[in-house]
Amino acid sequence: MTRSSGISTEGWTALWAGALLAAVALWLPLASFVLSYFSVLVHEMGHALMGWIYGYPSLPAFDFVYGGGVTSHTQRAPALALGVQGALLGVAWVVRRNPAGLMLALGSAALYALTAWTPLHEPLIVAMGPGAELVVSAVFLHRGLSGRTCHHRAERFAYAFLGWFVILDNLRFAHRLLTSAFQREIYAEAKGGGHWMDFSVLAEQHLHVALEQVAALFLILCLLAPTLAVLGNWNRRTLAAAILELRRL
């Protein structure tokens, strides 16, 4: 049964059941520890993917010394970045007879050039670690709500559960950084000290703000991810039409 909102009863059930199970898992130390490595994997893959996009050969890995994960970026290979830039311009050439498609492709190429050949790409690589977690969680919640790509109804609950676990875990993390000086001190001393953690790097080296402000922004983004997943399914027909139009372009 599908409601007028575009979200089926089964979709709502998967969403709230996933949220409840994720909250229970987060409360259980062993379950929380095991599942946190899914977040670590997504997190480091985000760093690595963004590194490759901007021309830095990158290798994500688990950190068996300090825990969590670490992504190694080698010296930049400008040919990789030039390849991405060329691919975007190639797309612009392919759609050159379509004004809207041409504007979209050229805009993407210009935005890439602005970030790739200036220091702006550095905070993007750092931010894409936690950013990837939110993107994946939103996609998983979307699949739980819509049932897209799911071959068995249990998959919807699994997607919703994992999506909510990542969101709730990051909400707890952001809240602790925002409200507790002790937690901020622990965070600063992670990885052997030296403020190597993502939010510390963003706050001190790129944004030049307090760590609490970065934590507050991240908390807002954590709340935005499930909101977008619900709204995307709520207006599924409009979203599908927009995606088809982009594919046509």
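In segment 105-115, is there at least one residue being within 20 Å of the chain's Cα centre (by Cα), aromatic (F, W, Y) and within 23 Å of F165 (Cα to Cα)? Taking every residue of segment 105-115 in turn, none turns out to be within 20 Å of the chain's Cα centre (by Cα), aromatic (F, W, Y) and within 23 Å of F165 (Cα to Cα).
Okay, residues lined up against (1) surrounded by fewer than 16 Cβ atoms within 10 Å (Cβ to Cβ); (2) closer than 21 Å to V135 by Cα:
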{"position": "T179", "(1), (2)": "yes, no"}
{"position": "E185", "(1), (2)": "yes, no"}
{"position": "G193", "(1), (2)": "yes, no"}
{"position": "M197", "(1), (2)": "no, yes"}
{"position": "L202", "(1), (2)": "no, yes"}
{"position": "H206", "(1), (2)": "no, no"}
{"position": "V209", "(1), (2)": "yes, no"}
{"position": "A215", "(1), (2)": "no, yes"}
{"position": "T227", "(1), (2)": "yes, yes"}
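Hey, could you check segment 114-126 for residues that are in contact with a Leu (Cβ under 9 Å, 6 or more places away or on another chain) and without any contact (Cβ under 8 Å) to a residue 24 or more places away in the chain and say which is surrounded by the most Cβ atoms within 10 Å (Cβ to Cβ)? Among them, the one singled out is L120.
Here the condition is being in contact with a His (Cβ under 7 Å, 6 or more places away or on another chain) and either among the hydroxyl-bearing types (S, T, Y) or modelled with pLDDT under 95 (or both); of T179, T115, T149, it holds for T115 alone.
The helices (runs of 4 or more DSSP H) found entirely in segment 122-212 that carry 3 or more residues being under 19 Å from L20 (Cα atoms) are 153-179.
Name every residue in segment 127-156 that is small (G, A, S) and free of Cβ contacts under 8 Å to residues at least 24 places away in the same chain, in order of residue number.
Step one: filter segment 127-156 for residues small (G, A, S), giving 127, 129, 131-132, 137-138, 144, 146-147, 154.
Once the filter is applied, which keeps residues that are small (G, A, S) and free of Cβ contacts under 8 Å to residues at least 24 places away in the same chain, segment 127-156 yields only A154.
Among the residues in segment 43-54, are any more than 24 Å from V166 (Cβ to Cβ) and surrounded by fewer than 16 Cβ atoms within 10 Å (Cβ to Cβ)? No, because not a single residue in segment 43-54 is more than 24 Å from V166 (Cβ to Cβ) and surrounded by fewer than 16 Cβ atoms within 10 Å (Cβ to Cβ).
Scanning segment 2-58 for residues that are assigned to a helix (DSSP H, G or I), β-branched (V, I, T) and in contact (Cβ under 8 Å) with a residue 40 or more places away in the chain turns up just one, V42. Considering A105, A110, A100, the condition of being at pLDDT 95 or above, small (G, A, S) and outside any loop (DSSP other than H, G, I, E, B) is satisfied by A110 alone. When each of L106, L134 is tested for being touching a helix residue (DSSP H, G or I) at 6+ places or on another chain (Cβ under 6 Å), farther than 27 Å from L224 by Cα and surrounded by 13 or more Cβ atoms within 10 Å (Cβ to Cβ), the lone residue that passes is L106. Residues in segment 40-86 that are among the small types (G, A, S), under 23 Å from the mean Cα position of the chain (by Cα) and modelled with pLDDT of 95 or more: G46, A48, G51, G55, S58, A81.
Working carefully through the options L89, L80, L111, find the one that is farther than 30 Å from E10 by Cβ, touching a helix residue (DSSP H, G or I) at 6+ places or on another chain (Cβ under 6 Å), without any contact (Cβ under 8 Å) to a residue 60 or more places away in the chain and surrounded by fewer than 20 Cβ atoms within 10 Å (Cβ to Cβ).
Numbers: L80 fails: touching a helix residue (DSSP H, G or I) at 6+ places or on another chain (Cβ under 6 Å); L111 fails: touching a helix residue (DSSP H, G or I) at 6+ places or on another chain (Cβ under 6 Å).
L89 is the lone residue from the list that is farther than 30 Å from E10 by Cβ, touching a helix residue (DSSP H, G or I) at 6+ places or on another chain (Cβ under 6 Å), without any contact (Cβ under 8 Å) to a residue 60 or more places away in the chain and surrounded by fewer than 20 Cβ atoms within 10 Å (Cβ to Cβ).
The values are calculated or read from the model by the stated rules, or taken from the named source; none is laboratory data. As the structure is a computational prediction, the values presented were derived from the model and not from experiment. As a convention, Cβ positions derive from the backbone with ideal geometry for all residues, glycine included, and neighbour counts pool all protein chains shown.
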